[in-house]
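J.: Got a structure for you, written out below as structure tokens; questions coming shortly.
The values are calculated or read from the model by the stated rules, or taken from the named source; none is laboratory data. Since the structure is predicted, the reported quantities are computational estimates derived from the model, not experimental observations. All Cβ positions, glycine included, derive from the backbone under ideal geometry; neighbour counts span all protein chains shown. All accessible areas refer to the heavy atoms of the entire protein, side chains included, with ligands and DNA or RNA removed. Shrake-Rupley method; radii C 1.70, N 1.55, O 1.52, S 1.80 Å.
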Amino acid sequence: MERKILMTAVVLLAIGGILQAQDSELHGSVDFTFQTEYIWRGFDVYDDRSAIQPSIDLDLFGTGLGASIMGHRANPSGEEMKERWDYTLYYQNMLMPEETYALMYRLGWVYYNFPELSQADADLQEIHAVLSLPKMLPAGVVPSYVLVKLWPNSSRSWVVPPSSPGTASGWAHIFMLDYPLTVGGIMPETPEQIINLHMEAVYNDGVGPGGQDVDHDWSNIVFGASTGFDLSEELVLTPGIYHQLSMDDSVNEENETWATLSLMYKF
């Protein structure tokens with residue numbers, strides 16, 4: 001029932017945004033990211049192997065409605081069966097933008113497709129709500145909360161009990177803090193540089209996306225930093241580094257440290 005309500009809200013808000021849109025242009029970005037490891041909500045997806053992550057994100061004519069496609073693929077051989085493509089439809093906007101308690105929100109639906117496992121009915125679906133308070137805390141600290149509901153696309157899926165020891169159906173709660181730290185310019189032509197500091201804590205309510213038998217517990221905390229270098233008005237190079245404290249062995253038995261390098265073209 002909850003996911004039907006959220007999906008209906010996404011559709012209604014998107015329709016409202018389209019009806020209010022003026023002569024806006026289509027905007028978006030194309031991104032290619034290299035990762036030394038791919039960590040997803042605490043899970044080490046490719047077992048310490050590096051990965052690539054191509055994506056495209058479209059802002060649909062200033063309506064608040066957006067769509068994106070993102071791929072995840074390990075670079076070394078041996079993990080081909082875990083290749084995943086995420087297809088997302090979302091609506092985002094802000095309530096009371098002039099107030100201290102201004103609320104940014106995003107409602108989204110995601111289809112997770114595993115092309116090499118299509119015959120095994122491994123695909124998943126997700127709905128999520130992201131809430132952020134950009135003006136509430138001093139010094140530019142932005143708190144956010146993400147509510148996630150994940151479930152198998154098919155009742156025949158091998159990630160549905162009794163086919164697997166755990167279940168891919170359930171909830172996750174993610175609490176985040178972001179802070180844009182301004183420092184002196186790193187490049188000669190840049191007087192100042194913004195380093196984006198990020199922290200998130202994940203409570204996994206027993207959801208194993210691969211059919212893992214996962215505890216209902218706090219699974220991990222992630223600390224990260226990234227910064228963007230403008231190569232041109234449209235092209236941005238962004239390196240990042242992240243460290244995860246893994247707290248629940250049913251999700252990940254090891255702490256993880258990884259780096260990313262992203263090249264984004266904005267249009």
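J.: All but one of (1) open to solvent by 20 Å² or more (accessible area, probe 1.4 Å); (2) touching a strand residue (DSSP E or B) at 6+ places or on another chain (Cβ under 6 Å) hold for residue 112; which doesn't?
T.: Residue 112 satisfies all of (1) open to solvent by 20 Å² or more (accessible area, probe 1.4 Å); (2) touching a strand residue (DSSP E or B) at 6+ places or on another chain (Cβ under 6 Å) except (1).
J.: Where residues in region 23-49 are part of a loop (DSSP other than H, G, I, E, B) and within 18 Å of the chain's Cα centre (by Cα), which of them is surrounded by the most Cβ atoms within 10 Å (Cβ to Cβ)?
T.: Restricting to residues being part of a loop (DSSP other than H, G, I, E, B) and within 18 Å of the chain's Cα centre (by Cα), the top hit is 38.
J.: Out of the residues in region 192-222 that are in contact with a Leu (Cβ under 8 Å, 6 or more places away or on another chain) and open to solvent by 50 Å² or more (accessible area, probe 1.4 Å), state the one that is farthest from residue 44 (Cα to Cα).
T.: Among those that are in contact with a Leu (Cβ under 8 Å, 6 or more places away or on another chain) and open to solvent by 50 Å² or more (accessible area, probe 1.4 Å), it is 194.
J.: Looking at region 76-106, which of its residues are within 15 Å of the chain's Cα centre (by Cα) and hydrophobic (A, V, I, L, M, F, W, C)?
T.: Once the filter is applied, which keeps residues that are within 15 Å of the chain's Cα centre (by Cα) and hydrophobic (A, V, I, L, M, F, W, C), region 76-106 yields 85, 89.
J.: In region 171-191, is there at least one residue being crowded, with 18+ Cβ neighbours inside 10 Å, assigned to a strand (DSSP E or B) and in contact with a Gly (Cβ under 7 Å, 6 or more places away or on another chain)?
T.: No, region 171-191 has no match at all.
J.: Just one of (1) part of a strand (DSSP E or B); (2) surrounded by fewer than 18 Cβ atoms within 10 Å (Cβ to Cβ); (3) among the hydroxyl-bearing types (Ser, Thr, Tyr) trips up residue 260, so point out which.
T.: (2)
J.: Here is a follow-up. If you scan region 146-170, which residues turn out to be small (Gly, Ala, Ser) and either open to solvent by less than 50 Å² (accessible area, probe 1.4 Å) or touching an Asp or Glu at 6+ places or on another chain (Cβ under 7 Å) (or both)?
T.: 154, 157, 164, 166, 168, 169, 170
J.: Restricted to region 168-193, and to residues that are of a type in the set (Val, Ile, Thr) and modelled with pLDDT under 95, which residue is farthest from residue 250 (Cα to Cα)? Let's see the steps before the verdict.
T.: Applying the first criterion (of a type in the set (Val, Ile, Thr)) to region 168-193 yields 174, 182-183, 186, 190.
Imposing the further condition that a residue be modelled with pLDDT under 95 reduces the set to 182-183, 186, 190.
Details: 182: 38, 183: 39, 186: 41, 190: 45 Å.
Per the stated criteria, the residue is 190.
J.: I want to confirm something. Restricting to region 59-74 and keeping residues that are closer than 20 Å to residue 210 by Cβ and over 15 Å from the mean Cα position of the chain (by Cα), which single residue is surrounded by the fewest Cβ atoms within 10 Å (Cβ to Cβ)? Break it down stepwise before answering.
T.: Filtering region 59-74 down to residues closer than 20 Å to residue 210 by Cβ leaves 70-74.
Those left that are additionally over 15 Å from the mean Cα position of the chain (by Cα): 73-74.
Values: 73: 16, 74: 21.
The residue in question is 73.
J.: Restricting to region 116-145, and then to whatever is open to solvent by 30 Å² or more (accessible area, probe 1.4 Å) and charged (D, E, K, R), can you tell me which residue is farthest from residue 195 (Cα to Cα)?
T.: My answer is 121.
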